[in-house]
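Rule-based calculations on the coordinates, nothing more; no lab input. The shown structure was predicted, so the numbers you read here are calculated from the model rather than taken from an experiment. Virtual Cβ from ideal backbone geometry, glycine too; neighbours counted across all protein chains shown.
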Amino acid sequence: MDRREIAALLAYIGRLDPRTIRTDQGEAKDQLAQWHALLGDVPPATPHGWDALVAARKHIRTSPYPILPADIARPWESYRRDRLARHSDPTPSADPDDQAAWTAELVGTRHAVATGTAQPAQARAITTGRDGINPRLKARLREIGSCIPPAARAALAPYRPARAAREAAVAQGKADALSVQCEWCLAQPGEPCRRRRIGPDGGARGTAQCATHPSRLELATTQQAEQVQQPAVA
């Protein structure tokens, strides 16, 4: 706020709380200089929710003490912190190789959000469920059969041998043991079997992954056979 805007703010406050009015010309000039020095970087209002008059009126309504410049500055700083906390930096449009331009655009966006001239850019939420998948992505998944390309899957095979062996078995037409719940350790579909760790007192201390229990594989094989027989019977 410039000196003219500070004078308008003080006149508004004086109408609501006559205790702040300075009748002596020298005192009025000192008051104006003090408020301008402390609130010079605080805008009178922004397009997105900040208004110094509203902050002053709220203080006068809720506090028995005469208003001070800090009673305007504190809500302004809270307003800035809240907006920056809700802001997720969007990718600048500048060339990433131009570090100066990249940084300048990033800083400029944050400054606009903090000063209330732009709305915070929030990160897009991750959609869940089948209805939230983009139709183009659905078509692509149907085309390739997996979200992991075959070349990447082959490159990852040495680092996850158990999964690679499971995928190879499924490709050969064998049952997928992880497609059913394990009746032994109660592992849910898609989760590996687990082994309980028993303490000296006989109580369970934790669990650890282990090889697939035979009963789970038998159950998956049985269900696969039933699914194959049902269309034949129909």
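So the values come out like this:
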read-out: Label-point gap, in nm, between residue 198 and residue 2 - each point 7 angstrom along Cα→Cβ; value: 8.4
read-out: Residue (of 37, 215, 60) at the positive-pole extreme of the chain, dipole from beta-carbon charges; value: 215
read-out: Highest-MSF residue in the chain out of 31, 188, 122 [GNM, Cα springs under 10 Å]; value: 188
read-out: Fewest-first ranking of 72, 60, using other Cβ atoms within 10 Å as the exposure measure; value: 60, 72
read-out: Cα centre as origin, Lys/Arg/Asp/Glu Cβ charges: region 149-233 dipole, Debye; value: 420
read-out: Around residue 103: net Lys/Arg minus Asp/Glu count, Cβ-Cβ under 15 Å; value: -4
read-out: Label-point separation in nm, residue 77 to residue 154, each point 7 Å along Cα→Cβ; value: 6.1
read-out: Eligible aspartates and glutamates near residue 29 by straight Cα distance, threshold 16 Å, same-chain separation 8 or greater; value: 2, 5
read-out: Residue 121 long-range amide H proximity, modeled H, under 5 Å; value: 88
read-out: Nitroxide proxy distance, nm - points 7 Å out along Cα→Cβ at residue 221 and residue 138; value: 3.7
read-out: Charge sum, other residues only, whose C-beta stays under 13 Å from residue 75's C-beta, Lys/Arg counted +1 and Asp/Glu -1; value: +2
read-out: About the Cα centre, charge dipole magnitude for region 3-85 (Lys/Arg +1, Asp/Glu -1 at Cβ), debye; value: 200
read-out: For residue 195, distant residues with modelled amide H under 5 Å away; value: 208, 209, 210
read-out: R0 of 45 Å, Cβ-Cβ distance residue 38-residue 95: FRET efficiency to nearest 0.05; value: 0.65
